[in-house]
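Working notes for the structure below.
The values are calculated or read from the model by the stated rules, or taken from the named source; none is laboratory data. All values derive from a computational prediction rather than experimental measurement. Heads up, the Cβs are rebuilt from the backbone with ideal geometry, glycines too, and the neighbour counts pull from every protein chain shown. Only protein heavy atoms, including side chains, enter the accessible area calculation; ligands, DNA and RNA are left aside. Shrake-Rupley method; radii C 1.70, N 1.55, O 1.52, S 1.80 Å.
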Amino acid sequence: MTPISPAARANVHLIDHPLVQHKLTLMRNKEASTNSFRRLLGELSSLMAYEVTRDMATQDIEIETPLEKMTAKVIDGKKLVFVSILRAGNGILDGVLSVVPGARVGHIGLYRDPKTLQAVEYYFKMPKNMEERDIVVVDPMLATGNSAAAAVTRLKECKPKSIKFLCLLTAPEGINTMYKAHPDVPIYTAAIDRELNDHGYILPGLGDAGDRIFGTQ
Ligand code: URA
């Protein structure tokens with residue numbers, strides 16, 4: 001088992017809320033249908049969105065209640081961008097957008113070149129004015145961490161105000177890789193699993209997240 005360096009571990013926000021843990025257990029079960037897997041992922045993503053947006057900036061506005069005027073806080077959801085790493089990241093979007101409906105959405109697609117083993121970009125579409133925005137990158141599984149690190153490297157070219165990484169499951173290898181490449185990017189996850197197998201799957205994990213979301217296995 002690969003140890004996680006203490007600095008890398010300190011960069012991980014483990015979301016251990018009982019509801020999150022309960023739903024994650026239901027998702028891990030191989031008997032969960034595509035329908036329930038997708039529904040649970042949506043519910044879990046909304047719960048995790050609360051944690052990842054905890055330090056979001058608010059601004060004061062003047063409003064009038066039925067009784068009197070007051071100054072009250074609002075968030076500017078339009079400044080937040082959820083960036084989905086295709087394709088499994090799309091499974092997280094509905095849930096997080098149900099909590100922050102005004103957020104913008106970007107997509108990034110990467111595949112691994114079988115010869116060079118390097119991440120190659122095949123799709124990149126972001127909202128305008130990225131330098132004014134906070135990014136939350138979403139992908140259910142942080143396994144080797146290679147595509148996550150490559151996606152964040154590419155997103156940094158847009159010079160956003162901040163970047164966070166939101167996933168369901170992590171493995172020690174992925175946490176270390178991300179920390180080495182991007183120590184400034186905190187990771188939000190519902191679990192840190194034991195290790196990767198020889199095919200880069202997380203153990204005990206939940207299998208191939210994309211296949212389970214889209215029913216393609
Ligand atoms: N991607 C998946 O979908 N599952 C894993 O276990 C690792 C990477």
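The trypsin sites (Lys or Arg not before Pro) of the stretch 1-77 that meet both conditions, a loop assignment by DSSP and at most 10 other Cβ atoms within 10 Å of the site Cβ, are Lys30, Arg54. For the stretch 163-177, 3J(HN,Hα) computed residue by residue from phi via the Karplus equation (6.51, -1.76, 1.60; θ = phi - 60°) reads 9, 10, 10, 10, 9, 8, 10, 10, 10, x, 4, x, 5, 5, 4 Hz, glycine and proline entered as x.
Counting each DSSP H run of 4 or more residues in the chain as -39500 (n - 2.57), what helix-only mean residue ellipticity at 222 nm follows after dividing by all residues, to the nearest 500 deg cm²/dmol?
Details: 7 runs with 72 residues, N = 217.
The helix-only estimate for the chain comes to -10000 deg cm²/dmol at 222 nm.
Both the radius of gyration and Dmax for the stretch 6-214 are 17.7, 68 Å, in that order, over alpha-carbon atoms.
Spatially close Lys pairs in the stretch 6-214, defined by Cα atoms under 23 Å apart and a spacing of eight or more places or different chains, total 27. In the chain, the DSSP beta bridges split such that about 40 percent are antiparallel, to the nearest 5. Placing dummy labels 7 Å off each Cα toward the beta-carbon, the span from Asp113 to Asp55 is 3.6 nm.
For the pair the stretch 119-143 and the stretch 30-82, the centres of their Cα atoms are 19 angstrom apart.
Treat every Asp and Glu Cβ in the chain as -1 and every Lys and Arg Cβ as +1, leave all other atoms uncharged, and give the resulting dipole magnitude about the Cα centre to the nearest 20 debye. Intermediate results must be reported in sequence, preceding the final value.
Details: 26 positive and 25 negative charges, 75 e Å.
With only Lys, Arg, Asp and Glu charged at Cβ, the dipole is about 360 debye.
Here the stretch 34-90 is treated as a Stokes sphere of Kirkwood radius computed over C-alpha pairs; at 20 °C and 1.002 mPa s its diffusion coefficient rounds to 149 µm²/s. Residues Ser5, Ser84, ordered by accessible area of protein heavy atoms at a 1.4 angstrom probe radius and largest first, appear as Ser5, Ser84. With the gyration tensor restricted to C-alpha atoms of the stretch 81-175, the semi-axes of the equivalent ellipsoid amount to 21, 16, 12 Å, longest first. The GluC sites (Glu not before Pro) of the stretch 59-150 meeting both criteria, a DSSP state outside H, G, I, E and B (loop) and at most 14 other C-beta atoms within 10 angstrom of the site's C-beta, are Glu68.
Kindly report the accessible area of the chain per residue (heavy atoms of protein chains, probe 1.4 Å, no ligands, DNA or RNA), in Å². Per-residue value: 53 Å².
Loop-only check: which trypsin sites (Lys or Arg not before Pro) in the stretch 130-202 are DSSP coil with at most 16 other Cβ within 10 angstrom?
On the way: sites: Arg133, Arg154, Lys156, Lys161, Lys164, Lys180, Arg194; in loops: Arg133, Lys161, Arg194.
Here the trypsin sites (Lys or Arg not before Pro) that fit, given the DSSP loop and packing criteria, are Lys161, Arg194.
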